[in-house]
Amino acid sequence: MLEDVDGLELIRTAIEMDASDIHMTVGQRPYMRCLGKLQAMRSTSLTESFIAGFIARLFNDSQQEKLAADRELDASWTYAGRRFRVHAYYQQGFPAMALRLLPERIPALTELELPAAWQKMKELDKGLLFVTGRTGSGKSTTLASFIQEVNREKACHIVTLEAPIEYIFKPDKCFISQRELGKDFISFPAALRGALREMPDILLVGEIRDAVTLQTALTAASTGMLVLATLHSGSAVDTVLRIEGMFPTEQRDSIRALLSEVLTGIFAQQLVPDLTGGRLAVSEVLLAVPAVRSLIRQGKYGQLYSQMLSHQDRGMQTMGTAAKHLLQAGRISSETYARLTAAEHAGGLV
């Protein structure tokens, strides 16, 4: 069994190996994820005292009390100059942890090789912009990169609502307020309503998980500010379907109408292995041109795919189109290409 003193050694190992995630639970070996692949860090299992000791090192008394009461907790932690997003939880009655290592610095949009449409997004002064994808798809890093570039290029007021705060922004040309759930505000809907009185130019909502938060974000976007938000959805079409699905049937017509008015774009991304080393973000892009707004208003989501194909000159692209370009450039394998395009093939879209 590993002794408690080895906790920081595991963290140092993960940093040295450039891991993206660390997983710890009682009775199992600790694991880390490198380049998307899970691998054991040790040959011996972790004890309950090891996990409990590590939790005591990472969390203050009030956080530990909340974990004991709620049986899960999200927080951020800094060690050796690196930021971590920490999720503590219980499984089979024992404490467990998942730690996400954030990049040492906020990368530029060009470094992330994101679609050119992102540069145009910096010109926006109102509307609702979604970055979507599964857990670990790089949504937070993409939004942090966007905010950092805005911070360097123009004067505006930025408010972020996060759970927890991941990247720390150093104000440059912008006035920035970063607020954390549980520490600086109690609930996302209440914080969103409060943010309206703070008069931000840009409002970041870390994650939309329920209809009340979504409704408030839509309302905020309609008041003349740029709202940035994330959702767990796999594609642009999945995103609008999920948005509508959060509301009861009798509200969906009005939600579609409001969404069609305030939506500026949806960037649905995945992280995949890059044949030149590391991982690469692949994005589907749906921009709210008049035809797209009309289709959303009418609920004709099945036609959005054709809009992405026919408006590539305006910066839109399907996941299949993006994957094809990367395959031809030698950046991804044929297996990765097949996985990225599987949903489109299944639906008869490509």
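The values are calculated or read from the model by the stated rules, or taken from the named source; none is laboratory data. Remember, predicted model here, so these are calculated numbers, not experimental data. Neighbour counts are summed over all protein chains in view; Cβ atoms, including those assigned to glycine, are modelled from backbone coordinates with ideal geometry.
Observations on the structure shown:
- Of the set (1) in contact (Cβ under 8 Å) with a residue 40 or more places away in the chain; (2) among the small types (Gly, Ala, Ser); (3) closer than 24 Å to ASP21 by Cα, all apply to SER145 but (1).
- Checked against (1) part of a helix (DSSP H, G or I); (2) touching a Leu at 6+ places or on another chain (Cβ under 7 Å); (3) at pLDDT below 95, ILE208 meets all criteria but (1).
- Hits in the range 23-69 - residues which are closer than 22 Å to LYS183 by Cα and either touching a Ser or Thr at 6+ places or on another chain (Cβ under 6 Å) or without any contact (Cβ under 8 Å) to a residue 24 or more places away in the chain (or both): ALA56, ASN60, ASP61, SER62, GLN63, GLN64, GLU65, ALA68, ALA69
- Condition met for GLU149 (out of contact with any helix residue (DSSP H, G or I) (no Cβ under 6 Å at 6 or more places or on another chain), surrounded by 15 or more Cβ atoms within 10 Å (Cβ to Cβ) and in a strand (DSSP E or B)): no
Okay, residues lined up against (1) in a helix (DSSP H, G or I); (2) closer than 15 Å to ASP74 by Cβ; (3) within 16 Å of the chain's Cα centre (by Cα); (4) not polar (S, T, N, Q):
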residue	(1), (2), (3), (4)
ILE176	no, no, no, yes
LYS183	no, yes, no, yes
PRO189	yes, no, no, yes
PRO200	no, no, no, yes
VAL212	yes, no, no, yes
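- Restricting the range 58-112 to residues that are acidic (Asp, Glu) and in a strand (DSSP E or B), the residue that is surrounded by the fewest Cβ atoms within 10 Å (Cβ to Cβ): GLU72
- Filtering the range 191-214 to residues that are touching a residue at least 40 places away in the same chain (Cβ under 8 Å), of a type outside the set (Asp, Glu) and either buried (at least 16 other Cβ atoms within 10 Å of the Cβ) or not assigned by TED's automatic domain parsing to the domain that holds VAL285 (or both) leaves PRO200, ILE202, LEU203, LEU204, VAL205, GLY206.
- Number of positions in the range 64-75 that are out of contact with any strand residue (DSSP E or B) (no Cβ under 6 Å at 6 or more places or on another chain) and either closer than 17 Å to GLN28 by Cα or not acidic (Asp, Glu) (or both): 3
- The range 296-338, residues that are over 24 Å from LYS120 (Cα atoms) and touching a strand residue (DSSP E or B) at 6+ places or on another chain (Cβ under 8 Å): ARG331, ILE332, SER333, THR336
- Residues that are part of a strand (DSSP E or B) and farther than 15 Å from ARG12 by Cα were ranked within the range 26-57; the one that is farthest from the chain's Cα centre (by Cα) is LEU46.
- Filter result (assigned to a helix (DSSP H, G or I), among the polar types (S, T, N, Q) and touching a residue at least 40 places away in the same chain (Cβ under 8 Å)) within the range 221-253: SER222, THR239
- Residue in the range 163-186 that is touching a Phe, Trp or Tyr at 6+ places or on another chain (Cβ under 8 Å), surrounded by 23 or more Cβ atoms within 10 Å (Cβ to Cβ) and of a type outside the set (S, T, N, Q) present: no
- Any hit, the range 254-272, residues being under 17 Å from the mean Cα position of the chain (by Cα), closer than 30 Å to GLY36 by Cβ and outside any strand (DSSP E or B): no
- Applying the criterion of being closer than 19 Å to PRO115 by Cβ and surrounded by fewer than 21 Cβ atoms within 10 Å (Cβ to Cβ) to the residues of the range 273-285, the residue that is farthest from the chain's Cα centre (by Cα) is THR276.
- Taking the criterion of being surrounded by fewer than 19 Cβ atoms within 10 Å (Cβ to Cβ) and either hydrophobic (A, V, I, L, M, F, W, C) or touching a residue at least 40 places away in the same chain (Cβ under 8 Å) (or both), the residues of the range 7-17 that qualify are LEU8, ARG12, ILE15, MET17.
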